[in-house]
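So the structure is just underneath, and the comments pick up after that.
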Amino acid sequence: MLHPILEVNGVTKTIGKRLLINKTSFKLEKGKIYGFIGPNGAGKTTLMRIMTGLIQPTTGEVLIDSKSIVKEREEAISKIGAIIESPVFFDYMTGRQVLRNLSRLHKTIKKSEREKHITELLQRVGLEGRADESVKTYSLGMKQRLGIAQSMLGHPEILLLDEPSNGLDPMGMRELRDIIIHLRETENYTFFISSHLLDELQHICDHLIVIREGKIVWSGETADLVNEGERLEDSFMRMMQS
């Protein structure tokens, strides 16, 4: 692996006597799509919250482009965007207004460039034609795409998406998949995606990371986990039963 864009080094998280994350380590390479899978309660969302700086690890560290998310927080988190759980918006706002309000929180966005940046993001996620309509008129898939645009504010290099396909119909899932692949191919984003929809991850992920009871039990290329002609769901179930 070349210089990793993100490193999780020996991260542990405890709350009281509960061990949520257990000495977890892995690295992400720039421009790759990573699937993050595990059973309910395995620690996926907790670890993603640590990776985005929303909560601190009990021990260990997260480095983003060699910057500590604890010691060099502002510089580190400027390189990461995230949707942790389903995005929530004020329905009375338009998509453009949502991004405009949130853009004011990003120091890396110059005021003179704000509107251009917002328009470009709306175009990238295919919402330019509905940008000035109320969010309450958006389908769930459109709201998820607006969430991705929100996570891209400020020019991050890594996007963490927690269950982005939840509740989407097949068309919505296809649109989301196409956007993720397009952003990786055209702008070299690194994606870290948690999902229970394993068939979707099998379509788009270069690498998979499997967590169980707070500990990484497998990490590698998707092709190395899934046997030829097999579904990822079958490989995952076999691993959980072993």
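Rule-based calculations on the coordinates, nothing more; no lab input. All values reported here derive from a predicted model rather than from experimental measurement. Heads up, the Cβs are rebuilt from the backbone with ideal geometry, glycines too, and the neighbour counts pull from every protein chain shown.
Report, to the nearest 10°, how far helix 232-241 tilts away from the longest principal axis of the Cα atoms in the chain, using its own Cα long axis and a range of 0 to 90°.
Between the helix axis and the principal axis of the chain, the angle is about 40 degrees.
Under a plain spin-label model, where a point goes 7 Å from the Cα along Cα-to-Cβ, how far apart in nm are Q56 and R73?
Here the answer is 0.8 nm between the modelled labels.
Under a cut-off of 29 Å between alpha-carbon atoms, report the lysines in cross-link reach of K30, not counting same-chain residues fewer than 8 places apart.
Partners found: K13, K44, K67, K71, K79, K107, K110, K111, K116, K143, K215.
Any idea what diffusion coefficient the chain gets from Stokes-Einstein, in µm²/s, Kirkwood Rh on alpha carbon pairs, 37 °C, 0.692 mPa s?
Values: Rh = 18.5 Å.
It diffuses with D of about 177 µm²/s by this estimate.
On a 0 to 90 degree scale, rounded to 10, what angle separates helix 140-151 from the longest Cα axis of the chain?
Rounded to the nearest ten degrees, it is 90.
With r defined as the distance between the Cβ atoms of M239 and E115 and R0 fixed at 51 Å, what FRET efficiency is calculated, to the nearest 0.05?
Calculated transfer efficiency: 0.60.
Note down the relative contact order for the range 22-178 as a percent, whole number, built from C-alpha pairs under 8 angstrom at least six residues apart. Before the final figure, lay out the partial values.
Values: 176 pairs, mean separation 39.8, N = 157.
Relative contact order here is 25 percent.
Where Lys and Arg each count +1 and Asp and Glu each count -1, what net charge lies around P39 among other residues with Cβ under 11 Å from its Cβ? Could the numbers behind the result be given before it?
Numbers: positive: K44, R212; negative: E213.
Here the count lands on +1.
Multiply the residue separation of K136 and S86 by 0.36 nm, subtract the distance between their alpha-carbon atoms, and state the gained length in nm to one decimal.
Values: separation 50, 0.36 × 50 = 18.00 nm, distance 1.51 nm.
Using 0.36 nm per residue and subtracting the Cα-Cα distance, I get 16.5 nm.
For the range 44-132, state which chymotrypsin sites (Phe, Trp or Tyr not before Pro) are in a DSSP loop and have at most 10 other beta carbons lying within 10 Å of their beta carbon. Could you put the intermediate results ahead of the total?
Working: sites: F89, F90, Y92; in loops: F89, F90, Y92.
Sparse-neighbourhood loop chymotrypsin sites (Phe, Trp or Tyr not before Pro): Y92.
Taking every DSSP beta bridge with both residues inside the chain, roughly what % is antiparallel (nearest 5)? Don't skip to the end; give the middle numbers.
Details: 21 of 38 bridges.
Counting DSSP beta bridges with both partners in the chain, the antiparallel share is about 55 percent.
Restricting attention to the range 98-155, which trypsin sites (Lys or Arg not before Pro) occupy a DSSP loop and are surrounded by at most 15 other Cβ atoms within 10 Å?
Details: sites: R100, R104, K107, K110, K111, R114, K116, R124, R130, K136, K143, R145; in loops: R104, K107, K110.
Qualifying residues, ordered by number: R104, K107, K110.
Under a point-charge model restricted to the Cβ atoms of Lys and Arg (+1) and Asp and Glu (-1), what is the dipole moment magnitude of the chain relative to its Cα centre, in debye to the nearest 20?
Dipole about the Cα centre, nearest 20: 1040 debye.
Indicate the gyration tensor shape class of the range 1-95 (rounded, prolate or oblate), computed on the Cα atoms with a ≥ b ≥ c the square roots of the eigenvalues: a/c under 1.5 is rounded; otherwise a/b larger than b/c is prolate and the rest oblate.
Numbers: a/c = 1.56, a/b = 1.18, b/c = 1.33.
It comes out oblate by the Cα gyration axes.
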